[in-house]
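The values are calculated or read from the model by the stated rules, or taken from the named source; none is laboratory data. None of the values given here were measured: they were computed from a predicted structure. Cβ placement follows ideal geometry from the backbone for every residue including glycine, while neighbour counts extend to all protein chains displayed.
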Amino acid sequence: MQFNLDRNIVFFDIESTGLNVIRDRIVQIALIKYYKDGREPEEAEMLINPGIPISKESMEIHGITPEMVAKKPTFRQIAERLFNWIGDADLGGYNSNRFDIPMLMEEFGRNGFELDISNRRLIDVQRIFYKMEPRTLAAAYRKFCGGKEIEGAHNALVDVRVTVDVLKGQLAHYNGVDYIDGDGFITKAPIKNDMQALHDFSNDLNLIDVTQRLKLNSEGDVVFNFGKYINQAVGPLVARDRNYYNWIMEKEFTFQVKKIVKHELETFIKNNPRKGGK
C-alpha cells in the first residue's frame, strides 16, 4: 500500500535517557521519510551522546549504554542537518504526540531551532489504535501484520519500521469502519488513506501544545489546562498576575508553552493598551 500524500511525512522513534521530555535527552533517533512525489523513502538512524547519565530503567528497555554513545555526536552537532532534513514534513510515530515529538521539540529548542508544529499534521499510530482497540505496539503488529512478532523491539529503527507497517495494516483493516466514542456519537469511517483525516482522528484538536498544558475553550480562547487557573484565559490572566507568568517562564515548561503564553500576553496588552498589561 502506498500512502496518499500531499506533503512529505517523517515517521520517527526516539530512545532516551529517561521519560521526562524536558530534563531527559535523546540517545538514539531513527526516521523514515516518505515523499509526496513517490520517490523511494529514506531511512536515517543515529546514536547520540546525551551529555547526561542514562537511567538504569531506560538502559534496561533499550539496551543503549554510556559506552555506546560516548564517542557519538551530541544533538547540537547534528541539529541543523537533522532540522533541514525533516524540513516542513508532517510527523508520525507511535505515542509520538505524547513523547517523541515533545522530546524532539525540546532538543531542537535548546539548540536554537524551533520545530514548529502549528502547520504540520501529526499522525500518532498509537492514538488510532487505542481509540479503535486499546493495545500495545506488539499486539498491534500481530493484529495488523499477519500475526508477526517483533524481532528487536525497542531498537529505534525496528520500532519505526513496525509503526509504519502497523499504520498500513490499520488503513486496510479500518477501511469503512465507523468510530463510536464514549458518548455514543458516531464518526463515519474516519480511518482513511489521507494524512489530514489521520491527523484529525489521532489528535485532540482543542489541545494546542504537545504537553497538553494549554487548550482552546468553546469560544476559541487559549486557556490553561492545569493548576489553579485551569480553564481561565491565558492572556488576561498573566497580564494580571505577572508572578504566575514569570513562574511559567522560569520553570520546566516546554519552549512551545512558553512561546504561546508570551504571545497571549503580548496580544492581550496590544489589544488592551489602557490596561497597560495590568
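With the checklist (1) in a helix (DSSP H, G or I); (2) closer than 28 Å to residue 139 by Cβ in hand, flag the one item residue 107 doesn't pass.
(2)
Does any residue of region 181-190 turn out to be surrounded by 16 or more Cβ atoms within 10 Å (Cβ to Cβ) and not in a helix (DSSP H, G or I)?
Scanning region 181-190, I find at least one residue that is surrounded by 16 or more Cβ atoms within 10 Å (Cβ to Cβ) and not in a helix (DSSP H, G or I), so the answer is yes.
Pull up region 40-82, narrow it to residues that are at pLDDT 95 or above and among the β-branched types (Val, Ile, Thr), then point me to the one that is farthest from residue 105 (Cα to Cα).
My answer is 65.
Looking at region 198-215 only, could you name the residues that are closer than 30 Å to residue 188 by Cβ and surrounded by 15 or more Cβ atoms within 10 Å (Cβ to Cβ)?
198, 199, 201, 202, 203, 207, 208, 209, 210, 212, 215 - these are the residues of region 198-215 that are closer than 30 Å to residue 188 by Cβ and surrounded by 15 or more Cβ atoms within 10 Å (Cβ to Cβ).
Tell me which of these residue 84 doesn't satisfy, since it passes every other one: (1) in a helix (DSSP H, G or I); (2) closer than 17 Å to residue 167 by Cα; (3) polar (S, T, N, Q).
(2)
Which pairs turn up if I take residues in region 196-217 that are modelled with pLDDT of 90 or more and look for partners that are basic (Lys, Arg) and not in a helix (DSSP H, G or I) with beta carbon separation below 7 Å, at least 6 apart in sequence or on another chain?
If the second residue must be basic (Lys, Arg) and not in a helix (DSSP H, G or I), the pairs left are 196/121; 199/121; 206/215; 207/215; 208/215.
Kindly indicate whether residue 6 is modelled with pLDDT of 95 or more and either in the same structural domain as residue 249 (by TED's automatic domain parsing) or under 25 Å from residue 167 (Cα atoms) (or both).
yes
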